[in-house]
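Okay, so here's the structure we're looking at.
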Amino acid sequence: MNRFKKIISLMLILALGIVLGACGSGSGDTSSKGSSGGGDGLIYVGFVQVGAESDWRMANTKSMQDTFTEENGFKFEMVDAQQKTDKQITAIRDFIQKDVDYIVLAPNTEAGWDTVLGEAKEAGIPVIIVDRMIQTNDDSLFTAWVGSNFKQEGYDAVDALAKALENKGISPTEGEIKIVTLQGTMGSSAQIGRTDGFEEKMKEYPNWKMLDRQSGDFTQEKGQEVMESFLKSYPDIDVVIAENDNMAFGAINAIKTAGKTCGPEGDITIVSFDAVKAAFESMIAGDMDVSVECNPLHGPRVKGLIEKLEAGEDVDKIAYVEEEVFYAKDAADIIESREY
Ligand code: AHR
């Protein structure tokens, strides 16, 4: 049972005691419910995951599953919401019914959380948000958030593209550079931050032209589909910005199928986000130019937050993860050290 629920239970016991005392019954069971895990002493964590759309997401799920084990003192339950925000809302309500100790939410999209998180608050269940963020005017609806600065990643992608072009002998400031973007799930923080960050900072390069942007929903399959249609509409694309590695893999397939070339030695420059191991393989194979890191290893970070809350300590409301940018020329030296 988490600290907040313990306090509420103690208050209820006290109130019940007063009522029973006043009634003079002198009997009755006034004990509170034990640990939500059924009195097993474990901290019950309900994790509402986005889905299984990407290598990044799989690494994120593994990090949570590897961390929230019984050996570490947790009962862990995860719902895969298959990239549906309404499924996530239902999952939160189920976890409230199950009276978990903590709800950990990786929100699919940003909007529409106030009602259900209000219900969790009412039930005395702290909500920790990971990865993407929610839109709310009421900060009391969640206890803490840990994740990436997606807008910064968008800014970093602009610098990364300029450098990747230089690496292949193209001046980033001369001649028209024609770009298409494969966006992530529309309305998700990862999409909003990366799209906005890139759009804002690319103004530093008036010669860069955004031909088109469309969502590939963070999956390889949809990334490939969108890229196929881009290639039909725009015969002279110079750059693909893929808002995650898996969509970049799809784009690379589409480019090769269309008989075009990409990567450091190819015609189309590929800038991606996540820096999963397969992106390093793609860079080593000469297909991808650069990947902007997005770190999915949130399990230990969330565990740290819960441990502090259990100890009655304050936690940072907002915590950003540090991230790097990786270029094809360095990929072979770095790949072995990558954890995901
Ligand atoms: O929110 C993080 C993003 O979600 C990752 O970039 C992507 O791969 C995942 O699906």
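The values are calculated or read from the model by the stated rules, or taken from the named source; none is laboratory data. Computed from a predicted model, the values in this text were never measured in an experiment. With ideal geometry, Cβ positions are generated from the backbone for all residues, glycine too; neighbour counts draw on all protein chains shown.
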Log entry, pairs with first residue in the stretch 186-204 being crowded, with 17+ Cβ neighbours inside 10 Å, second being among the basic types (Lys, Arg), beta carbons closer than 6 Å, six or more apart or on different chains, reads SER188/ARG132; SER189/ARG132; ALA190/ARG132; GLY193/LYS151; GLY197/LYS151
Looking at SER229, is it surrounded by fewer than 20 Cβ atoms within 10 Å (Cβ to Cβ), under 21 Å from ALA254 (Cβ atoms) and among the small types (Gly, Ala, Ser)? yes
Here is a list: PRO235, PRO300. Which entry is surrounded by fewer than 22 Cβ atoms within 10 Å (Cβ to Cβ) and assigned by TED's automatic domain parsing to the domain that holds THR69? PRO300
Among the residues of the stretch 205-242, how many are touching a residue at least 60 places away in the same chain (Cβ under 8 Å), among the hydrophobic types (A, V, I, L, M, F, W, C) and under 25 Å from THR109 (Cα atoms)? 4
Specify which of the listed residues (GLN88, GLN65, GLN82) is under 18 Å from GLN135 (Cα atoms) and not assigned by TED's automatic domain parsing to the domain that holds GLY250. GLN88
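Considering only residues that are of a type in the set (Gly, Ala, Ser) and more than 15 Å from the ligand (Cβ to nearest atom), look in the stretch 171-205 and name the one that is farthest from ASP245 (Cα to Cα).
Result: GLY175.
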Subset of the stretch 267-292 (residues that are closer than 18 Å to MET227 by Cα and surrounded by fewer than 18 Cβ atoms within 10 Å (Cβ to Cβ)): ASP267
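Determine, yes or no, whether LEU105 is within 30 Å of ALA275 (Cβ to Cβ), in contact (Cβ under 8 Å) with a residue 24 or more places away in the chain and either away from the ligand (no atom under 16 Å from the Cβ) or not small (Gly, Ala, Ser) (or both).
Answer is yes for this residue.
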Taking the stretch 270-304 as the region of interest, how many residues are hydroxyl-bearing (Ser, Thr, Tyr) and within 22 Å of ASN149 (Cβ to Cβ)? 2
Count - residues of the stretch 43-102 that are more than 16 Å from the ligand (Cβ to nearest atom) and of a type in the set (Ser, Thr, Tyr): 5
ALA279 vs (1) under 16 Å from SER54 (Cβ atoms); (2) touching a Lys or Arg at 6+ places or on another chain (Cβ under 8 Å): all pass except (2)
By residue number, the members of the stretch 39-60 that are among the small types (Gly, Ala, Ser) and within 27 Å of GLY223 (Cα to Cα) are GLY51, ALA52, SER54, ALA59
Filter the stretch 305-340 down to residues that are closer than 17 Å to GLY147 by Cα, surrounded by 15 or more Cβ atoms within 10 Å (Cβ to Cβ) and not aliphatic (A, V, I, L, M), then give me how many there are. 2
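Can you tell which of TRP208, TRP113 is within 16 Å of the ligand (Cβ to nearest atom) and not polar (S, T, N, Q)?
On inspection, the qualifying residue turns out to be TRP113.
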In the stretch 223-306, which strands (runs of 3 or more DSSP E) lie fully inside it and hold 1 or more residues that are acidic (Asp, Glu) and within 11 Å of the ligand (Cβ to nearest atom)? 269-274, 290-293
Within the stretch 68-86, restricting attention to residues that are more than 17 Å from the chain's Cα centre (by Cα) and assigned to a strand (DSSP E or B), which residue is surrounded by the fewest Cβ atoms within 10 Å (Cβ to Cβ)? GLU77
